[in-house]
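Colleague: Have a look at the structure that comes next, please.
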Amino acid sequence: MAWALRRRGSVLLFILASLAAAAALGAFAAEVRTKAVAAPVLAERIGPVRIEGVLAEIDASQTGVRLRMRVRAIEGQARDQTPRFVRFSYRYPAPWLPGRPLACRAVLSPPPAPSVPGDYAFNRDAYFQQLGAVGFAIGACEAQGFGAPRDWRSQAQARIAAIRRAMAEAVYESAGGGGGGAFAAAMTVGDRSFFSPEEAEALRASGLAHLISISGLHMVLAGGAVFFAIRIAWPLIEPLALRIPAVKAAAAGAILALTAYFLVSGGEVATQRTYVIALIGFGAKLFDRPALSLRSLALSMALVVLLQPESVVSPGFQMSFAASAALIAVYEMLPRLDRPIAPGAVARLGGWLAGAAVTSLTASLATLPFAVHHFARLAPLSILANLAASPVITFWTTPAALAAAIAAPLGLAEPLLWLVGRSLEVVLRIAEAAQTWSPDPSVPALGAAGLVASVLALAAFCILDGWARLAAAPLAAASLAMWLQTPLPAAYVSMDGSVFLRTSDGWSELTHWRGTNSLNPLLIRSELQRPCPIRRNQPFGPCRIDLPNGSTVEVVGERAEAALEGGAAARGLDPSGEAQPERSAAPAGEEMCPANAVLRVQLPHGDRVDLHPCALARRGGASIAIGAEGVTLSTARPSLGPWSPRTEVY
């Protein structure tokens with residue numbers, strides 16, 4: 001008994017020591033990565049200014065395309081303050097490939113910080129991409145004659161980006177253009193710049209956006225085609241077949257093909273995950289070893305965390321690994337049923353439908369907490385949309401794409417890519433139908449505590465075995481309970497003090513001094529309404545709106561200190577807890593947020609709450625939940641990371 005206790009204590013000590021070592025290694029990797037990518041970030045809005053640099057990438061935006069440039073010089077900026085990369089929206093023809101020297105005129109601003117609690121921290125992601133400024137172009141860019149960077153890494157990146165863009169354009173044209181061609185280009189090399197904003201939103205709202213993320217399906221097509229082609233042809237070359245087994249030669253060829261495909265695919269987290277898993281799988285063929293799924297997934301996660309530790313908090317990392325782990329756990333848990341030697345067509349169809357349903361349900365449930373936490377939205381018909389799209393992808397897109405990959409070296413891929421484009425047009429129609437029939441996807445965001453409970457539940461389900469998996473149930477129930485108690489935001493105050501209110505008819509903007517730093521369009525997906533008239537020389541209302549719960553909201557131009565009914569003082573909620581000077585929170589050059597503006601909420605039982613938008617803006621914005629019993633206020637305090645410019649807060 002004493003020996004067993006000592007042994008159990010040793011195991012527990014080993015586990016704790018391993019966790020401590022992993023945490024220390026992760027912290028060290030994060031520090032190294034943060035220092036390695038450090039680059040200047042623009043401190044304030046400038047422009048229009050002339051920008052000279054080399055085109056690095058072309059991607060999609062809400063109004064056209066965006067150009068990402070490796071900067072050579074920016075007018076008026078000292079060399080040590082010039083961002084390494086800038087990105088700006090561009091509404092003109094862009095006939096260049098990456099690597100082309102350009103000169104453009106643009107208005108540039110620092111990468112925007114989150115405007116409300118839980119909003120997307122674009123400035124953080126931009127820091128790790130060495131993206132120091134964003135903005136919009138003024139006029140068309142002009143090709144220049146100065147040379148590209150001379151260091152080998154920059155030249156290799158430019159060459160790979162040019163190949164990727166050329167492949168995307170070729171696939172888009174061969175697949176017939178339009179939505180199907182855009183879908184095919186995104187699935188082939190990860191270039192999403194051909195999608196219209198409406199098509200991209202339809203894929204997100206229907207839960208089919210995962211199809212354009214290069215992951216397992218794409219790696220299977222790329223690696224599998226090469227593997228089987230070499231496997232079939234190798235025995236025909238007698239001198240080689242007698243010395244090297246065909247399976248090992250095919251695995252080596254597949255690894256080389258996957259590496260080349262990975263380089264031109266954009267390198268998203270899901271792509272990194274599947275690339276590592278595929279390397280482990282084909283590597284096991286080389287060394288006659290079994291490839292264990294959960295171990296492969298854990299190894300790929302460890303490598304991604306060490307190389308890109310910033311991705312741990314990104315939705316792509318979390319949702320990709322969550323879905324993969326849950327699928328592996330479910331299919332290992334399902335009993336192996338005895339199959340007939342020659343199953344009939346009905347049995348085969350039933351088995352396929354059951355597998356598709358289990359896959360869609362498992363992936364949807366595993367990624368649901370992360371989608372609600374990061375995006376505060378649901379895709380109610382995602383399971384049905386995936387079930388409807390699965391036959392198209394399985395029996396039409398995949399065979400045509402595989403045939404196109406095999407025929408490409410012979411120059412015969414174009415008609416097959418046209419078939420791929422037509423199949424993906426059908427998938428887009430499914431996405432649009434699911435979006436049309438879906439109810440409003442906006443839901444309260446899952447808080448940090450609820451997300452931790454969900455992660456622990458998923459980990460328990462994937463790691464434990466047998467009845468021990470039931471330990472995940474109370475954790476999942478706790479996460480659900482915390483989410484159900486979270487109120488849905490009724491209003492937002494953005495970083496410039498603008499006030500947005502949710503009504504029964506959509507979102508309304510109660511102010512009109514908005515600057516460039518407004519809300520993430522994922523928070524407000526409908527077109528903004530302006531129910532209050534705009535008067536010359538008057539920056540706000542009075543603007544009064546009645547809410548369905550009996551409350552009223554208005555913006556007035558005075559600091560109200562009138563008494564509540566019953567003689568109590570009005571509750572003015574200023575998150576700073578101190579007197580605020582009469583100063584605007586808007587950026588220089590923008591319309592000022594009036595310091596005497598008051599957002600007044602009159603509750604059904606007579607109490608009144610006064611909020612000061614400009615003070616909330618100085619705290620990074622806020623989300624406001626309005627219930628019958630009171631107001632819940634959450635502010636987004638500015639981040640203290642190196643990706644946030646050190647500016648004075650008044």
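Colleague: Go through R66, R33 for me and flag whichever is surrounded by 12 or more Cβ atoms within 10 Å (Cβ to Cβ), within 30 Å of A140 (Cβ to Cβ) and of a type in the set (D, E, K, R).
Modeller: Within the list R66, R33, the selection yields R66.
Colleague: Restricted to region 591-612, and to residues that are open to solvent by 40 Å² or more (accessible area, probe 1.4 Å) and within 25 Å of P110 (Cβ to Cβ), which residue is modelled with the highest pLDDT?
Modeller: M592
Colleague: A further question on this structure: Specify which of the listed residues (A270, A260) is free of Cβ contacts under 8 Å to residues at least 12 places away in the same chain and under 35 Å from the mean Cα position of the chain (by Cα).
Modeller: A260
Colleague: Any idea how many residues of region 208-245 are open to solvent by less than 20 Å² (accessible area, probe 1.4 Å) and at pLDDT 85 or above?
Modeller: Result for region 208-245: 1.
Colleague: Take R66 and decide whether it is part of a strand (DSSP E or B), within 20 Å of the chain's Cα centre (by Cα) and of a type outside the set (G, A, S).
Modeller: It is true that R66 is part of a strand (DSSP E or B), within 20 Å of the chain's Cα centre (by Cα) and of a type outside the set (G, A, S).
Colleague: If the requirement is being under 27 Å from the mean Cα position of the chain (by Cα), open to solvent by less than 40 Å² (accessible area, probe 1.4 Å) and closer than 22 Å to L211 by Cα, which of these qualifies: V312, V330?
Modeller: Every option except V330 fails the conditions.
Colleague: L446 - would you say it is open to solvent by 20 Å² or more (accessible area, probe 1.4 Å) and either more than 30 Å from C593 (Cβ to Cβ) or at pLDDT below 85 (or both)?
Modeller: no
Colleague: Taking the stated definitions as given, is L428 over 18 Å from S364 (Cβ atoms), among the hydrophobic types (A, V, I, L, M, F, W, C) and modelled with pLDDT of 85 or more?
Modeller: For L428, the condition - over 18 Å from S364 (Cβ atoms), among the hydrophobic types (A, V, I, L, M, F, W, C) and modelled with pLDDT of 85 or more - is met.
Colleague: Just to be sure before I move on: is L203 in a helix (DSSP H, G or I) and surrounded by fewer than 23 Cβ atoms within 10 Å (Cβ to Cβ) in the structure I sent?
Modeller: No.
Colleague: Could you list, in sequence order, the residues of region 613-631 that are modelled with pLDDT of 80 or more and closer than 20 Å to L547 by Cα?
Modeller: Residues satisfying the conditions are P613, A622, S623, I624, A625, I626, V631.
Colleague: Go through (1) open to solvent by 40 Å² or more (accessible area, probe 1.4 Å); (2) closer than 30 Å to A200 by Cα; (3) at pLDDT below 85 one by one and return the number of the condition G466 breaks.
Modeller: G466 satisfies every listed condition except (2).
Here's the yes/no breakdown for (1) buried (at least 17 other Cβ atoms within 10 Å of the Cβ); (2) in contact (Cβ under 8 Å) with a residue 60 or more places away in the chain; (3) touching a helix residue (DSSP H, G or I) at 6+ places or on another chain (Cβ under 6 Å); (4) closer than 24 Å to Q308 by Cβ:
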residue	(1), (2), (3), (4)
P40	yes, yes, yes, yes
A43	no, yes, no, no
G47	yes, yes, no, no
A60	yes, yes, no, yes
R70	yes, yes, no, yes
A73	no, no, no, no
Q81	no, no, no, no
V86	yes, no, no, yes
R91	no, no, no, no
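Colleague: Still on this structure, I have one more. I'm trying to understand the selection: among the residues of region 389-426, which are in a loop (DSSP other than H, G, I, E, B) and surrounded by 19 or more Cβ atoms within 10 Å (Cβ to Cβ)?
Modeller: A413
Colleague: For A209, are the conditions met, namely being under 30 Å from A388 (Cβ atoms), without any contact (Cβ under 8 Å) to a residue 24 or more places away in the chain and among the small types (G, A, S)?
Modeller: So A209 fits the description; yes.
Colleague: Evaluate region 507-519: report whether one residue or more is under 24 Å from L451 (Cβ atoms) and modelled with pLDDT of 80 or more.
Modeller: Checking region 507-519: not a single residue is under 24 Å from L451 (Cβ atoms) and modelled with pLDDT of 80 or more.
Colleague: Spot the failing condition for P235; the list is (1) within 27 Å of R422 (Cα to Cα); (2) in contact with a helix residue (DSSP H, G or I) (Cβ under 6 Å, 6 or more places away or on another chain), and only one is missed.
Modeller: Of (1) within 27 Å of R422 (Cα to Cα); (2) in contact with a helix residue (DSSP H, G or I) (Cβ under 6 Å, 6 or more places away or on another chain), only one is false for P235: (1).
Colleague: Considering every residue within region 10-23, establish whether at least one is free of Cβ contacts under 8 Å to residues at least 60 places away in the same chain, under 27 Å from the mean Cα position of the chain (by Cα), surrounded by fewer than 12 Cβ atoms within 10 Å (Cβ to Cβ) and not in a loop (DSSP other than H, G, I, E, B).
Modeller: Yes, there is a match, as at least one residue in region 10-23 is free of Cβ contacts under 8 Å to residues at least 60 places away in the same chain, under 27 Å from the mean Cα position of the chain (by Cα), surrounded by fewer than 12 Cβ atoms within 10 Å (Cβ to Cβ) and not in a loop (DSSP other than H, G, I, E, B).
Colleague: Now a separate question. Residues P95, P114: which one is assigned to a loop (DSSP other than H, G, I, E, B) and surrounded by 19 or more Cβ atoms within 10 Å (Cβ to Cβ)?
Modeller: Within the list P95, P114, the selection yields P114.
Colleague: Only residues that are open to solvent by less than 40 Å² (accessible area, probe 1.4 Å) and either modelled with pLDDT under 90 or touching a strand residue (DSSP E or B) at 6+ places or on another chain (Cβ under 6 Å) (or both): list them for region 451-463, please.
Modeller: C462
Colleague: How many of the residues making up region 97-117 are within 18 Å of F136 (Cβ to Cβ) and modelled with pLDDT of 85 or more?
Modeller: Looking only at that region, the number is 10.
Colleague: Still on this structure: In this structure, does R289 turn out to be open to solvent by 40 Å² or more (accessible area, probe 1.4 Å) and basic (K, R)?
Modeller: Yes; evaluated as a whole, the condition is true for this residue.
Colleague: Within the group L303, L294, L256, which residue is within 30 Å of A38 (Cβ to Cβ), part of a helix (DSSP H, G or I), open to solvent by 20 Å² or more (accessible area, probe 1.4 Å) and not basic (K, R)?
Modeller: Every option except L303 fails the conditions.
Colleague: Here is a further query. Is it the case that region 370-384 has a residue that's closer than 30 Å to W467 by Cβ, among the aliphatic types (A, V, I, L, M) and at pLDDT 85 or above?
Modeller: Scanning region 370-384 turns up at least one residue that is closer than 30 Å to W467 by Cβ, among the aliphatic types (A, V, I, L, M) and at pLDDT 85 or above.
Colleague: If you scan region 40-93, which residues turn out to be among the acidic types (D, E) and within 30 Å of E198 (Cα to Cα)?
Modeller: Hits for region 40-93 are E57, D59.
The values are calculated or read from the model by the stated rules, or taken from the named source; none is laboratory data. Everything numeric here is computed off the predicted structure, so don't read it as measured data. Using ideal geometry, Cβ is built from the backbone for each residue, glycine included, and neighbour counts are taken over all protein chains shown. Surface areas here come from the heavy atoms of the whole protein model, side chains and all, with no ligands, DNA or RNA. Shrake-Rupley method; radii C 1.70, N 1.55, O 1.52, S 1.80 Å.
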